[in-house]
Structure formats: C-alpha cells, structure tokens
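Visitor: Quick one: the structure is below, questions incoming.
The values are calculated or read from the model by the stated rules, or taken from the named source; none is laboratory data. These figures come from a predicted structure and were not determined experimentally. Note that each Cβ is placed from the backbone with ideal geometry, even for glycine, and that neighbours are counted across all protein chains shown.
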Amino acid sequence: MADRINQVARKVPTWAVYIVSLIPVPVLLYMAQTGGLGREPIGALEHKLGEIALQLVIVGLCISPLRRFAGVNLIRFRRAVGVLAFIYVLLHLLVWAVLDVQTLDRVIADVIKRPYITIGMAAFVLMVPLALTSNNMSVRWLGPVWRRLHLLTYPIAILASVHFIWLSKGFQLEPLVYLSVILGLLALRVPALVKKVAA
Amino acid sequence: GLMGAAGMARAQEAEELVPSAWEDITQYNNFYEFGTGKGDPARNAHTLTTEPWTVVIDGLVDNPGDYSMEQIMDAMTFEERIYRFRCVEAWSMVIPWNGFELADLLTLAGVQEGGKYVAFETALRPDEMPGVRFPTLDWPYVEGLRMDEAMHPLTIMATGIYDKTIPNQNGAPMRLVVPWKYGFKSIKSIVRITVTEDEPPTSWNKANGREYGFYSNVNPEVDHPRWSQASERVVGGGLFSKRQPTLMFNGYEDEVASLYAGMDLRANY
C-alpha cells in the first residue's frame, strides 16, 4: 500500500499541488460574491481561509510521521504545503484587516489589545522567515540552522489552534479537535527529539 | 408621557431605518440549540414543533399557570416595531418585528409587589434541537431583565417578522426583543416566564461572566474583552460593505438611558 502511494506520489509534480490547493481561493471569492458563503460573506471568508490554513499546517505536520510510521514518503511536497499554508494565512489576514476591520489604526489596536489576535499575529510573524527561506538557496546557505529555524512550525501550529479556540464563543468542539490533533502530531515527535538530545 | 415620547421617537426612526432583507434576517442567526454556525439555525430549526405551544408564567404573579399561545395571542394588542438589532459579535440588522409589549403580558399575569426581575427560559428539546447534544452552553438557555426594563414600552414579545409568522430560527413562536441590548438578551422560543425577587441567572453570564454581564446594554464605549464594540458590520452589505459606528444603547439612548441613571455602565456591563 505504502509503496503504491509512493509510486503515484513520485509522478505528481509539485506545481500540481500548488494549483489544486489554490483552487479554493477563486471558488471562495465567487461564493462570497454570490451568496454561497451565507448572508455575511466577510466573516465567512475570513474564517474559511483561516480554517484552510490551519488544515494545511496539520497536513504539513503529518508528512514526517507518515514516512516514519507508515513508510509513505511525501517529503517532496512538504515545502509546497508550508508555502500554501502561509499563502492562506496571508489571505486570512488581508481579509480580516482590509474587508473586516477596515482601518489601520483599528488593526493595530486589535493586535495590541486583543490577545487572541495577538496570538494569531504572532503565528503569522513566525511564519514569515519560514516562507522567506523556502527555497533551495536558503537551505544551502543556512545548513543546519535551516532545520532548527523550521522547527518554528511547532509553536506556530499551537498558536494557530489556540487562536481558533480563543475566538470561539461558548464551549465548542471543533477548535478543540484541531488543537488535539496538533498536540497528537507533535507528541509523535517527542521520542525522536529525546533521542537526538540524548545522543 | 413616556409612551407618547417613545412612540414619536419610534415613528421618526421608522422613516430612517431601512429593514434588512428577509433572507438576511432569517438565514444569518445565532440559535446555538440548532448549531453554532450562522446558517445552522435556518437549516436545522424546521424540526422544532411550535404548535401547540404553552408558556408557563409563574413566580410572583397573581395569575400563575400554563398559558397557551392562542390565549396569549388573543389577549394582546399587536403592532409593527422596526428596530435596530445589534449582536454582541459586532454585526447588526434592522428588523421589522410584529409583536406586543411585554408589559401587557406581565400585566395580564399580574406582577406582585415583590417582583423585581423577570426570568425567561427557552425550550429544551434534545429530539428537536441537534445543538443541545453538546454542552456549548448550560441548557436550557435562560435570560432575565430587571422589572423596569421588562415593563419598558420598547420591550416587546415578537411573534412575527415582515407580517409573517416568525420563522423557527428567529425564535418561534414567541421571543423577547429588547432593542437596546445585545441580541443574546432577546431570548428565543420562550416556554417559561418567572417573576422573581432576585436577579436571575443568565446563560452567557454563566458561561463567561467576565465577557457577558447581566445588563449587556449596547455600548460603543465598553469593549468586549475580545473585540471592539465601537463599530458594527451590517449584515447584507456584501464583501465590501463599510462598518458603521455603533450607537449608545443601540440608538435608543433617549428612551432608555434614564433606566441606568447613576449606574457605572463599565462595571454593570
């Protein structure tokens, strides 16, 4: 089974991953304009983009455990998944700032005064260096530093899911599921990290 | 008197206020008993049986008992009220309600001397309400008003919108409307009204007392801990609609500010 998946995955070009993963952008914009996102499209679009970003972060976190525990090798798509997650976070942020909050001073006030927005913004800021170093040249230049830098993915994932929990009203299941999945995926890495530190 | 002044103010407002589209009013709702998504109530609330419907009126009243919806409808005087509706989540609409003044219903029940507050309760029917299988809130949903708020002429019980029977997702067959308070105070699908001596517990206050107070008057100067209340997004304006400033007491300051004279609105949020 794993071999079959690996065989198929080898034939899929990474640009196809970009194209397929970006299809929701025009679809969501079209839906927002035509009522497909409900009667209040600004909030709906904002939430949808944030949700996809979080899902991509989770997909990215699945890639190395899939190889380690299931022998499924999708490592060559990991960069694309990370860059796509960044693109969706950027769009989420833009919709929030431009269409929802609408003025720069209110954006700044919200980032400073509202902890759940501060946390979301922190996750975005931490993603910027990762996006900027998502090219072969940076990997070569930075060497081992690149690997350590990209461990930022872990706090980013936690911040993003806490951001989701914090903005929800009442006791809701969905954001808690996201955090649990992320914590589970991070827990899978603990034995390997411990070994590395011990060695 | 107060009634006349309020009536005049309402008449003036009715000219300025443009009611939101029926689709906006009936397809963008918070009614967590039917799900937490804004479209969930419109999708799921058809399962709610609204006929027959009985409202228990009890507590400190002269005529406690089970009141059938027909009984209530027959006894009340109906009128249209076009009100601003401001959700605590910073979105708003304008809704042409049909209903009657809560004061008339309370008078029918006969409020006794010691009655200082009115408590309300929403139906709790796990078979008909998919949202109550999960403890998003401590079910049933409960709300409350101080007696002077409940008796205020702006406070109504709504049974219709746009001269049509109120849809289930909007709180059929009868819901409270308190236009100067955040929307969650206007409790839906009411099955019990209790006149009490003490301030009754309210659902969102129980869930998060730091964020949702008993009063919850619309106030652009007192922010929600997680977001600003200074402005609001008008539902139905599309992707590029401008936010509009939120008005003190949701625009009903002249009518209701006196209820809170001398009170610190920051402490009594």
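Visitor: Testing B:S203 on (1) closer than 24 Å to B:K116 by Cβ; (2) more than 14 Å from chain A (Cβ to nearest Cβ); (3) of a type in the set (S, T, N, Q); (4) surrounded by 15 or more Cβ atoms within 10 Å (Cβ to Cβ), one condition comes back false. Which one is that?
Guide: Exception for B:S203: condition (2).
Visitor: When you scan the stretch B:40-58, how many residues do you find that are assigned to a loop (DSSP other than H, G, I, E, B) and either modelled with pLDDT under 95 or exposed (fewer than 15 other Cβ atoms within 10 Å of the Cβ) (or both)?
Guide: Residues that pass the stated criteria total 3.
Visitor: Out of (1) within 14 Å of chain A (Cβ to nearest Cβ); (2) touching an Asp or Glu at 6+ places or on another chain (Cβ under 6 Å); (3) among the hydroxyl-bearing types (S, T, Y), what's the single condition that is false for B:Y117?
Guide: Among (1) within 14 Å of chain A (Cβ to nearest Cβ); (2) touching an Asp or Glu at 6+ places or on another chain (Cβ under 6 Å); (3) among the hydroxyl-bearing types (S, T, Y), the lone unmet condition for B:Y117 is (1).
Visitor: Are there any pairs, at least 6 apart or on different chains, whose C-beta atoms fall under 6 Å, with the first in the stretch B:44-73 and farther than 21 Å from B:G144 by Cα and the second of a type in the set (D, E, K, R), and if so, which?
Guide: Note: pairs meeting the criteria are B:T47/B:E128; B:L48/B:E128.
Visitor: To continue, here is another question. Can you find, within the stretch A:26-43, the residue that is nearest to the other protein chains (Cβ to nearest Cβ) among those that are surrounded by fewer than 22 Cβ atoms within 10 Å (Cβ to Cβ), of a type in the set (A, V, I, L, M, F, W, C) and over 14 Å from A:L94 (Cβ atoms)?
Guide: A:M31
Visitor: Another one. Residues being of a type in the set (K, R) and either more than 22 Å from the chain's Cα centre (by Cα) or not in a helix (DSSP H, G or I) (or both): count how many of those fall in the stretch A:28-64.
Guide: 1
Visitor: A further question on this structure: Can you pull out the residues in the stretch A:114-147 that are of a type in the set (D, E, K, R) and more than 18 Å from the chain's Cα centre (by Cα)?
Guide: Correct list: A:R114, A:R140.
Visitor: Something else: Please report, ordered by residue number, the helices (runs of 4 or more DSSP H) entirely within the stretch A:127-199 with at least 3 residues that are closer than 30 Å to B:G209 by Cβ.
Guide: A:153-167, A:173-187
Visitor: Just the residues that are more than 16 Å from B:F31 (Cα to Cα), in a helix (DSSP H, G or I) and in contact with a helix residue (DSSP H, G or I) (Cβ under 8 Å, 6 or more places away or on another chain), please, taken from the stretch B:142-201.
Guide: Passing the criteria: B:D148, B:E149, B:A150, B:M151.
Visitor: Could you run through the stretch B:59-73 and say how many residues are surrounded by fewer than 16 Cβ atoms within 10 Å (Cβ to Cβ) and assigned to a strand (DSSP E or B)?
Guide: Residues in the stretch B:59-73 being surrounded by fewer than 16 Cβ atoms within 10 Å (Cβ to Cβ) and assigned to a strand (DSSP E or B): 3 in total.
Visitor: With the requirement that a residue be in a strand (DSSP E or B), facing another protein chain (nearest Cβ under 7 Å) and in contact with a strand residue (DSSP E or B) (Cβ under 9 Å, 6 or more places away or on another chain), what does the stretch B:224-246 give you?
Guide: Matches in the stretch B:224-246: B:R233 only.
Visitor: Scan the stretch B:22-69 for residues that are hydroxyl-bearing (S, T, Y) and within 14 Å of another protein chain (Cβ to nearest Cβ) and jot them down.
Guide: Passing the criteria: B:T26, B:Y28, B:Y32, B:T36.
Visitor: Return the residue satisfying two criteria in turn: it lies in the stretch A:72-112 and is within 11 Å of another protein chain (Cβ to nearest Cβ) and touching a Ser or Thr at 6+ places or on another chain (Cβ under 8 Å), and of such residues it is surrounded by the most Cβ atoms within 10 Å (Cβ to Cβ).
Guide: A:D110
Visitor: Working carefully through the options A:V111, A:V83, find the one that is under 17 Å from the mean Cα position of the chain (by Cα) and outside any loop (DSSP other than H, G, I, E, B).
Guide: A:V83
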